[in-house]
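A.B. asks: To start, I am sharing the structure in question, which I have written as structure tokens.
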Amino acid sequence: MIQPKRILYAEDDPRDIELTLVALADHKLTNEIVIVNDGEEALDYLYKRGNFQKRGNGNPALILLDIKMPKVDGLEVLRQVKSDPDLKAIPVVILTSSREEKDLIAGYNLGVNAFVVKPVGFPNFVDAIKEIGLFWALLNEPPVGSIPKQ
């Protein structure tokens, strides 16, 4: 049996968090999902600082990242992740409602693995989350040694 991998989900909108969790559960994706509500918390989690300094070892298998968040925005989180040798192999999927071309271009220039504009309708949103979860959290295999054992 395939062992579920941990997902770090950085999102500040409680409705989007709830919809994403429902979508993952509906499709039996049983990954451990760590939810943080802003970019600063995402970085604290990744660097084991603040409330996360005692978390277990290992990096998430996937980061789902909103762009427009308080404290530190998603593009800055992405910049730091992709510039850090210990984190850059973690796939990052921007999951955002932003349809601004400058955000898309900035995300790819910073090394995002995928950029998904959140569909408006619930069925379409559920389908998008299912596809993201199936590929990145179950099927994708990171390079050997890039994600320490959890």
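A.B. asks: Got a number for carbon plus sulfur as a percent of the range 7-139's accessible area, 1.4 Å probe?
C.D. replies: The value for the range 7-139 is 53 percent carbon and sulfur by accessible area.
A.B. asks: Quickly rank 59-70, 96-107, 76-87 as a protection proxy: mean count of other C-beta atoms within 10 Å, highest first.
C.D. replies: The packing order, highest mean first, is 59-70, 76-87, 96-107.
A.B. asks: Over 10 Å intervals from 0, what percent of Cα-Cα pairs in the range 7-139 sits in each interval?
C.D. replies: Using 10 Å bins, I get a P(r) of 13, 47, 35, 5 for the range 7-139.
The values are calculated or read from the model by the stated rules, or taken from the named source; none is laboratory data. Predicted model only: the values in this text are computed from it and were never measured. When we count neighbours, we look across all protein chains shown, and the Cβ atoms used for this are built from the backbone with ideal geometry, even at glycine. Each accessible area value is taken on the protein alone, full model and side chains, heavy atoms only, with ligands, DNA and RNA left out. Shrake-Rupley method; radii C 1.70, N 1.55, O 1.52, S 1.80 Å.
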